[in-house]
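The block underneath contains the structure these notes are about, expressed in structure tokens.
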Amino acid sequence: MPINTLVQNVRATPQHYSYPSIFIYGHRASGKSHVLHILMKELELPHAAVSCVECVSAALLYERVLTSFFGRSAASFLPRSPSLSEFVRLYRHQRSQSPAEQTRYIVMEKAELLRDADANLLPALLRLQELVDDNITVILLSEIVWEKFRPNTGCFEPLLLHFPDYSKGELQQILSTDSHPSYSAELYSSYINILLGVFYSVCRDLRELRHLAALNFNKFCEPLTEGKVKETETHKLWRNIEPHLKKAMQTVYIREVSSLQWEQMQQTEDEGGALRGLSAHTHVELPYYSKFLLIAAYLASYNPARTDKRFFVKHHGKIRKTNFLKKNEKTSNHLLGPKPFALDRLLAIFYSVVDSRVAPTASIFSQISSLVTLQLLTQISHTDQLDAPKYKCSISLDFISAVSRTVNFDIVKYLYDFL
């Protein structure tokens with residue numbers, strides 16, 4: 001058990017040196033930070049809690065450590081842009097004046113951000129005990145495994161501890177503690193059991209499941225408040241909430257709509273309004289130029305290549321749609337599905353539809369890769385084909401229409417099927 005190993009390490013004889021560095025990894029919301037916080041608090045261990053998100057520079061990291069162990073006066077001796085050697089020298093000086101009676105701990109959350117810091121910072125932290133000649137242990141908390149964390153230049157190997165994901169039974173037990181005061185604990189436990197039956201196969205993140213549980217509980221209790229069913233009639237409660245939970249599956253992790261908007265959409269549906277799919281009802285938040293790249297990709301997938309001149313060249317002359325038709329083109333392109341297109345065609349359409357001059361920078365190409373990662377575009381060419389990669393747009397007309405409205409672009413005017 002990782003917790004037992006961790007407890008044995010921190011509860012060792014205080015005057016004995018502990019292990020120089022510990023690397024704790026596991027998925028988000030698996031209890032890493034909570035367990036360490038409780039251990040440090042209950043055992044009253046001297047420690048410095050450092051968030052790598054907040055400490056954006058090494059100077060802030062050094063200041064936080066010195067302040068936690070030796071007070072603000074010690075941190076004031078740091079120069080404006082301290083180097084690692086200056087931090088080590090100052091720590092040694094302060095340690096000689098205030099020797100450690102027991103192991104000191106530096107707890108670093110989001111430690112994967114250290115990979116973007118100076119190349120010598122991570123190896124130095126892993127062997128900080130040797131550098132400062134003090135009884136100190138550095139604990140790194142991360143969501144990635146050590147194999148993807150280890151520097152290429154080599155470093156001291158820390159003690160590895162893995163926090164596994166919660167099982168279904170553990171999630172049931174944890175989420176059931178959030179029971180609503182107006183209803184019995186048994187009712188809320190049965191609701192959590194229904195929720196996990198729907199979402200456990202696609203989401204095991206405790207924070208996301210807790211958000212989904214709070215978001216849909218009022219809908220689950222509607223038949224109870226209206227007096228239509230009793231708390232013991234779980235099957236009727238399940239039939240009432242099942243379609244709403246299936247709709248909520250479309251927003252797992254994405255958070256396309258806020259909690260208030262989701263409740264309003266459910267009320268609209270109950271009043272007889274048609275509730276369209278979330279991907280059609282709203283849009284995923286994308287950067288400004290990514291939206292135009294997605295529009296260009298949709299036009300490239302559903303318009304024949306020879307119609308580009310008609311739509312995107314100002315003085316193309318009068319060309320009737322019948323002149324383009326062939327026997328095999330009488331079927332709508334939207335019924336045939338998206339066609340693959342080359343990267344140069346995508347960029348040509350993009351520069352035509354965007355309402356400002358954009359230089360072909362690396363940012364534009366990286367946004368194309370992001371659209372592929374989001375599965376809004378699909379790369380169909382081989383990964384080793386660098387000269388002319390081909391893509392295919394994998395979104396619906398309702399989705400792209402919603403995206404187009406956010407940038408005031410009427411995409412229907414540029415679709416061949418709607419001429």
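The values are calculated or read from the model by the stated rules, or taken from the named source; none is laboratory data. Just so it is clear, the model here is predicted, and its values are computed rather than measured. When we count neighbours, we look across all protein chains shown, and the Cβ atoms used for this are built from the backbone with ideal geometry, even at glycine. Accessible surface is based on the protein model in full, side chains and every heavy atom, while ligands, DNA and RNA are left aside. Shrake-Rupley method; radii C 1.70, N 1.55, O 1.52, S 1.80 Å.
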Checklist entry - Got a number for the accessible area of Glu226? Probe 1.4 Å, square angstrom, nearest 10. => result 110
Next on the checklist: Please compute the per residue accessible area over the range 1-150 with all protein chains in place, 1.4 Å probe, rounded to a whole number of Å².
Outcome noted: 52
Next on the checklist: At 4 °C and a viscosity of 1.567 mPa s, what translational diffusion coefficient does Stokes-Einstein give for the range 113-218, taking Rh as the Kirkwood radius over Cα pairs? Give it in µm²/s as a whole number.
Outcome noted: 75
Checklist outcome for this item: The computed P(r) of the range 10-76 puts the percent of Cα pairs beyond 21 Å at 38
Checklist outcome for this item: The local net charge around Arg80, scoring Lys/Arg +1 and Asp/Glu -1 for residues other than Arg80 whose Cβ lies under 12 Å from its Cβ, equals -2
Checklist entry - How much space per residue, in cubic angstrom, does the convex hull of the C-alpha atoms of the range 36-144 take up? => result 99
Item to check | Out-of-range pairs (alpha-carbon distance over 31 Å; input Lys247/Lys291; Lys110/Lys219; Lys32/Lys390; Lys41/Lys110; Lys247/Lys339) | outcome: Lys110/Lys219; Lys32/Lys390
